[in-house]
Amino acid sequence: MLEINDRSRKWWILTAMGTCGGLIMLDETVVGVALPTLRRDLGMSDLASHWVISAYLLVFTGAAAASGKLGDVIGFKNLVIVGAAVFGLASLASGFAESGAFLIAACAVRGLGAAVIFPARFAMLIIAFPKEQRGMAIGILGAIGTTFLALGPLVGGFLTEIFSWRWIFWINIPIASLIVAIVLAAWEDPPRKGTHSSFDYAGLVTLAAGIGMLVFAIMQGSTWGWTQGIIPWLLAGGIALLSLFVLIELRRQVPLIEVRLFRSASFSACTLVFFVGQFSKMTIIVFGSLYLQDKLGMGPLIAGFALLAAVGGFPVFSAPAGLLADRIGARRPVLGGMALATLAMFWIGLTAGGDSYVLLLPGLILWGIGLPFCYAPATRAMANAVPTEKQGQIGGIAVTARLLGGTIGVAICSTLLIMTGDFQAVFLVTGAIMLAIFLFGWFAIEPGHGVLVPSAHHPTGAWSHS
């Protein structure tokens, strides 16, 4: 039985939430390196195997904003318990899959569990720590989570090559159980301010359906034809539903996502940093792993070792990035990290044609150094923009942006690879998208926080700079 007192409570919460983030990040990186093996074992096509990741991310993305909001309404303890249970059971089912279709379905359910627990970890950490310690706490949270991320390719390669790819899913079960045990012992939900009599079901449905239609169209367009059959209608329908989502949220008193926050160019830029950071991460982890195995002939274990160069910087630099943000604000760390990661992605793209890991190595290392300096400072700026009772929603926005980046990233890169068969195109297009968002951030991210917060006198309609 854990012994919890008031002084140690926040550190237990930090441990649990760091492990929670690590569980999800491990799931991101451990699957990518096993993809070629499970594709062969289950007789899946290249496109179908990419749906193993896309189905997970798609459900994760659609439900993340809703779970962040539910945490504000009903409390986070129940969310974590239910989410961890769903995640663990779906992981068990994923490991027993005997067909590609069953595996994709189980991964989609696993995405639902992940969507419940991932935004909660951010909000619970912000509530547990005082404002002046949040940058440090977010940095440590990132360091714990990204340690799992860094080990993911190696663990995935080891389990796949020595035992079976099925263990990459079964390893989630004891980790999820540990998270639940700590939360039960250490967490106490704070009093909720006000009551919310209704939930934004219309917003949730239009958001999830709009994202789903767009991602499905992008994934299948190269196979079914971009101008043929249902694909143009799916693209148009997805755009229309997301536009309708914005209109719905602007009229809601208690919206799923407070889109008024995006009136601040600085807030929008921080959100786009999450988007493109996850986009580039999926490019490196999923398609980098495919490149190492399909083009360079590495086995899963050696490919896992090779990818450590890219992800090894995350646990090293995440905590210093958070401390740096406490001292100098978000602008310089975010832009510096983005610049380095963007240059590294172009390096990877330009050298991928040489079929040499040694040529790729400097780009992988620099990308892994640059990206951690984007996440923690941008997270801190967003967290300090809103009062405690809205932290669940901010967590939902941040997570939704990251997941949308990963989902769109896998869809676009999968389509590029199937259409061209060229890994260079995948890396260079990713670099171009990163460059565009870096340029927007250069003009939009203000010194200090530069984000909009609800006015004390006009909590639903008026906004002011923090």
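The values are calculated or read from the model by the stated rules, or taken from the named source; none is laboratory data. This is a predicted model, so every value here is computed, not measured. A quick note on method: Cβ atoms are made from the backbone with ideal geometry, for glycine too, and the neighbour counts reach across all protein chains shown.
Counting the residues of the range 280-333 that are free of Cβ contacts under 8 Å to residues at least 12 places away in the same chain and either among the basic types (Lys, Arg) or in contact with a Cys (Cβ under 8 Å, 6 or more places away or on another chain) (or both) gives 2.
Which residue is nearest to the chain's Cα centre (by Cα), if the candidates are limited to the range 299-312 and must be assigned to a helix (DSSP H, G or I) and of a type outside the set (A, V, I, L, M)? Among them, the one singled out is 304. Would the range 164-181 turn up any residue that is at pLDDT 75 or above and in contact with a Cys (Cβ under 7 Å, 6 or more places away or on another chain)? Yes, the range 164-181 contains at least one residue that is at pLDDT 75 or above and in contact with a Cys (Cβ under 7 Å, 6 or more places away or on another chain).
When we screen 186, 202 for residues that are over 21 Å from the mean Cα position of the chain (by Cα) and modelled with pLDDT of 80 or more, the only hit is 202. So how many residues does the range 440-465 have that are surrounded by 13 or more Cβ atoms within 10 Å (Cβ to Cβ) and modelled with pLDDT of 55 or more? Result for the range 440-465: 7. Only residues that are under 17 Å from residue 176 (Cα atoms) and charged (D, E, K, R) were counted in the range 87-111, giving 1.
Taken over the range 202-249, the criterion of being in a helix (DSSP H, G or I), among the hydroxyl-bearing types (Ser, Thr, Tyr) and free of Cβ contacts under 8 Å to residues at least 40 places away in the same chain is satisfied by 243 alone. On the basis of being farther than 26 Å from residue 94 by Cβ, surrounded by 15 or more Cβ atoms within 10 Å (Cβ to Cβ), out of contact with any strand residue (DSSP E or B) (no Cβ under 8 Å at 6 or more places or on another chain) and modelled with pLDDT under 85, does residue 194 make the cut? Judged against the criteria, residue 194 is not a match. Is it the case that some residue within the range 263-282 is assigned to a loop (DSSP other than H, G, I, E, B) and either farther than 18 Å from residue 151 by Cβ or touching a Leu at 6+ places or on another chain (Cβ under 8 Å) (or both)? For the range 263-282, residues assigned to a loop (DSSP other than H, G, I, E, B) and either farther than 18 Å from residue 151 by Cβ or touching a Leu at 6+ places or on another chain (Cβ under 8 Å) (or both): present. The condition of being aliphatic (A, V, I, L, M), within 22 Å of the chain's Cα centre (by Cα) and closer than 17 Å to residue 21 by Cα holds for residue 112.
The number of residues in the range 9-35 that are over 17 Å from residue 180 (Cβ atoms) and among the basic types (Lys, Arg) comes to 1.
Are any residues in the range 89-113 farther than 22 Å from residue 159 by Cα and buried (at least 21 other Cβ atoms within 10 Å of the Cβ), and if so, which ones? Matches in the range 89-113: 113 only. Only residues that are assigned to a loop (DSSP other than H, G, I, E, B) and in contact (Cβ under 8 Å) with a residue 60 or more places away in the chain were counted in the range 253-262, giving 4.
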